[in-house]
Amino acid sequence: MVRRLEQMPLPTAQAIEIAAFTDADSIDPVRISDSYYLAADGQVAAKPYVLLRKALERSSKVAVAKFAWHGRERLGLLRVRERAIVLHSMKWPDEVRSPESLAPGRPRSARTRSSRPSSSPTG
C-alpha cells in the first residue's frame with residue numbers, strides 16, 4: 001500500500017498551486033527556508049507568470065502556495081523581487097518547534113504554584 005502511495009503523482013508535480021494571498025507581515029519568518037527565483041518554462045507559461053507577478057505587485061501581497069519538491073508536497077511563499085517571482089520554501093506548522101519548549105524555565109507564577117510545597121495547614 002505504501003508503495004502505491006509513493007508512486008501516485010502529486011497534484012503539484014508540474015505546477016504551483018496558489019492557496020491564498022496575504023500580507024507579507026502575517027507570515028512568521030521562522031517558517032521561511034530557502035529562496036529560489038522562478039522563471040516561466042516556455043511561451044505557454046509566460047502569460048500566467050506575468051499575470052501573477054503583476055497581481056502580486058498591484059496588491060502588495062504575497063501568495064501562499066503548494067509545490068512538489070523531491071517527491072513531497074511543500075508549502076511556499078511567492079513574492080516579487082526586481083520584476084522576478086521568488087519562491088521561499090516554508091516549513092509546515094508541525095515542522096517548527098514551539099519557543100515555549102525551549103525556554104530555560106517556566107514563568108515565575110507557574111513555578112511558584114507548582115514547585116513549592118504548600119504552606120497551608122490543609123496541604
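We did not get these values from a lab; they are worked out from the coordinates using the rules stated. Just so you know, these numbers come straight off a predicted model, no measurement behind them.
Around the amide H of Ala65, modelled in the peptide plane, lie the amide H atoms of Ala19, Gly76, Leu77, Leu78, all under 5 Å away and 5 or more residues distant in sequence or on another chain. By the rule of a C-alpha distance below 23 Å, with chain neighbours fewer than 8 residues away ignored, the lysines paired with Lys91 are Lys61, Lys66. Taking 0.36 nm per residue of separation and subtracting the current Cα-Cα distance, fully stretching the chain between Tyr37 and Arg81 would add 15.0 nm.
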